[in-house]
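Inspection log for the structure reproduced underneath, given as C-alpha cells.
Bear in mind that the values in this text are calculations on the coordinates, not laboratory data. Since this is a predicted model, take the numbers as computed values, not measurements. Note that each Cβ is placed from the backbone with ideal geometry, even for glycine, and that neighbours are counted across all protein chains shown.
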Amino acid sequence: MHEEAEVLAKSVAADEGRRSRNWQTRFRLVWGGIVFLLIAFILISLNVEISFIQTAAPFILQGVGLTLLVSAVSILFATIFAIAGALGRLSRSALLNGIASFYVSFFRGTPLILQLLFWYLALPQVGIVLDPILCAIAALAINYGAYMTEIFRAGIQAVPLGQREAAAALGMAPRTAFLRIVAPQAFRIIVPAIGNDFVAMLKDSALASTVGLQEILWRARNVGAKEFKTLQTFMIAGVVYWVLTIVFTAVQNRIESRLSAGDRNKEAKG
C-alpha cells in the first residue's frame, strides 16, 4: 500500500511538472513574439540604421566575456564575505558581531557607485592604484556580500534548532554539526537568493564603465558617441543585458526546480 501511494505521488508530481513546463514554454514563446514585434516596430518607426547595428554589435558583444568574468568572480567573493558576515552576526562574541554589523550597515547604507569610485579615485591618493577590473570586483563583491550576509544569516537560522540539539545529543561538536547538518540545509535555502543576486550583479556591473572597464556598456557608449548614434548602440546593449538576464534566470529556475524536486521526493518517501 505504501509503495502504491509513493508511485502515485511521484506520478502526480511528474504530471504537475510537465504541465508547469508546458505552460512556461507557451508563455515564453508568446512573450518573446510580442517583444520581437515591439522591437521591430521601434526599429522601423525610428528609422534605425540596420547596417550600423550590424557593424557595432560585434564590437559591443566583445564585452560580454568581461562582464561575465567580473560578475562570476564578484559573486564568488561576495559569497565568501557573506558567509563570514553571517557567522559574525550570529557569533556570541561582541567584537565579531560588531564588526559584521558595521560591515552590513556601512556597505548597504552607501551607494555602489560611490564605493566603486572610492576604489578607483580615492585610493590612489594614498598610493594604492588598482586596475579597473580589480576595482569593479572589489566594489561588487563587498557591496553584494553585505546584502547577502543577511540572506545567509536567515538561511542558517531557518534550520530547526532541534536538529542541532539532536546532533549535540549524539556527541557531535558544534563545528561538526554545523558543517554536516546545518550548512547543507541552509545552502539549499540560500541558493535561489545567490542566483537572484548574480542576475542583479550582471546588470550592476555596467557601473564599472565609469572607471574605464571595457565591458558592454563602455563599448556601447564609446562607439555610439564616436558615430553620434547612441540610440542604436544603447539598444544593442539593452538587448544584450536582457538576453543575459533571461539565460541566467532560466538556469536559476532549473536549479530551483531540481532542489524543489528533491524536497518533494523526500516528502513522498516520508
Can you put Met201, Met148 in order of Cβ neighbours within 10 angstrom, beginning with the fewest? Met201, Met148
Work out how far the C-alpha atoms of region 74-157 reach from end to end along every principal axis, then list the three figures in whole Å, largest first. 40, 24, 18
